[in-house]
Amino acid sequence: MLTIKVLGSGCANCKRVEQIVRKIVKEMSLEAEVIKVTEYPEIMKYNILSTPGLVINEKIVSTGRIPAPAEVTTWLTSALEIA
Amino acid sequence: MTTLSTSSPPSSNKLLPLYAFLAIVIWLIAYNLIQPFADWISYTVLGFAHASRFGESLAFFLYDVPKILLLLSGMVFAISILRTFFSPERTRALLGGKREGVGNVFAAVLGIVTPFCSCSAVPLFIGFVESGIPLGVTFSFLIAAPTINEVAVIMLFGLFGWKVTGLYILSGLVIAIAAGFIIGKLNMERYVEDFVWQIKSGAGQVLDEKLTWNHRIERAWDSVKEIVGKVWLYVVVGIAVGAGIHGYVPESALVGIMGKAAWWSVPAAVLLGIPLYSNAAGAIPIASALMEKGASLGTVLAFMMSVVGLSLPETIILRRVLKPQLIAVFVGVIALAIIFTGYLFNLIL
């Protein structure tokens, strides 16, 4: 079971990251919970300076940009191997 | 603070540097063909006379649109490559421990090269002040970053030349340094929303990516697509209006209302610029045509800085972390600094 968090207060780019992540989770038929984190005190716990941020199992993998789907697939695969 | 290293998946495309090189060659050839091509279409193919108003406007439009779009694509690519070497996290580390004064200068300069989107102004603000960077230094960054942005600088360079671009960058830096320094001296920490001071950043892992050249090229290409995709329509419309002014408005028609002698034109230009934020790409070609018809440089520069630097959306975003008093000071200090710059250039140039 993976926990994936999208950090960002509802900006357009944050929504696109969430869409990409949900699509890939579906394609890989992963057991994963995708959580949107929109409150700043909660976002800042991850010590990021630019949104959107992507967190997989409490590890930051990307900030301030929309990652390519291939990147997200690789991150999710390696998170599965560790877990 | 520990650093977390993550490698993005390696890009498998070995030919990418070759494609980038070919793109540069094609770019250079295209850039040198624009002027003859625009003249050929306007005067030979469509047969307008050289001195005709419509012919002049059309040749101006057909030259400026491809020129600016090519400049934007090429230079956004180059600037984005440069920016992959910087990140807000590295900038914060560089600013840590700097005192006010020196810190303001560093923050303004780093504001130019650090990748920044006003949508991230809040996490950046919180992350900076929470790590102990003085409020005024943080503001110097937050003023310089949007004011001296790639689209504005490239379009100024394409339409006004390097001297005006240099003046713009220099005044933007001075305004960011001075306004940040003044806000710092006003000791306004209590006008930052209380929750900001209560935030404690977590375990402190900072993402530090190891990027290969392929990553840098791919990310730069992504920003070209994103930025040019966002502004091209404003560029076309702005240049169309500019071309109309170029062909139809008589020489020196604007000296009376936008020239040096019209003292009220500087504050009026600043006020007019505030709501035009997202249209910076459209405002610059119009400003360029206005200057050709007698508007003075100080007035035009003040207008452009107000369009880009005093942005309504960013102010609304910052309201999440700043109390109204500090928002008012933030806007007021920048507006006064821009007005001062406008008068200064009208006086000395």
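The values are calculated or read from the model by the stated rules, or taken from the named source; none is laboratory data. Everything quoted here is computed from the prediction, not taken from an experiment. FYI the Cβ positions are ideal-geometry reconstructions off the backbone, even for glycines, and counts take in every protein chain you see.
Things to note:
- Restricting attention to region B:57-70 and to residues that are surrounded by fewer than 19 Cβ atoms within 10 Å (Cβ to Cβ) and in contact (Cβ under 8 Å) with a residue 40 or more places away in the chain, the residue that is nearest to the other protein chains (Cβ to nearest Cβ) turns out to be B:Leu69.
- Residue within region B:102-123 that is within 11 Å of B:Gly184 (Cβ to Cβ), more than 8 Å from chain A (Cβ to nearest Cβ), without any contact (Cβ under 8 Å) to a residue 60 or more places away in the chain and among the aliphatic types (A, V, I, L, M) present: no
- Every residue from region B:186-203 that is under 19 Å from B:Phe139 (Cα atoms), of a type in the set (D, E, K, R) and loosely packed, with under 13 Cβ neighbours inside 10 Å: B:Arg190, B:Asp194
- Those residues of region B:159-217 which are touching a strand residue (DSSP E or B) at 6+ places or on another chain (Cβ under 7 Å) and at pLDDT below 85, in sequence order: B:Gln205, B:Val206, B:Leu207, B:Asp208, B:Glu209, B:Lys210
- Test result for B:Ala30, away from chain A (no Cβ under 14 Å) and without any contact (Cβ under 8 Å) to a residue 40 or more places away in the chain: no
- The set of residues from region A:19-35 being surrounded by 17 or more Cβ atoms within 10 Å (Cβ to Cβ) and either within 12 Å of another protein chain (Cβ to nearest Cβ) or without any contact (Cβ under 8 Å) to a residue 24 or more places away in the chain (or both) is empty.
- The residues on offer are B:Ile177, B:Ile217, B:Ile183, B:Ile239, and the sole one that is in contact with an Asp or Glu (Cβ under 6 Å, 6 or more places away or on another chain), touching a residue at least 40 places away in the same chain (Cβ under 8 Å) and either of a type in the set (Ser, Thr, Tyr) or surrounded by 15 or more Cβ atoms within 10 Å (Cβ to Cβ) (or both) is B:Ile239.
- Qualifying residue in region A:50-58 (condition: within 7 Å of chain B (Cβ to nearest Cβ), within 23 Å of B:Gly127 (Cα to Cα) and of a type outside the set (Val, Ile, Thr)): yes
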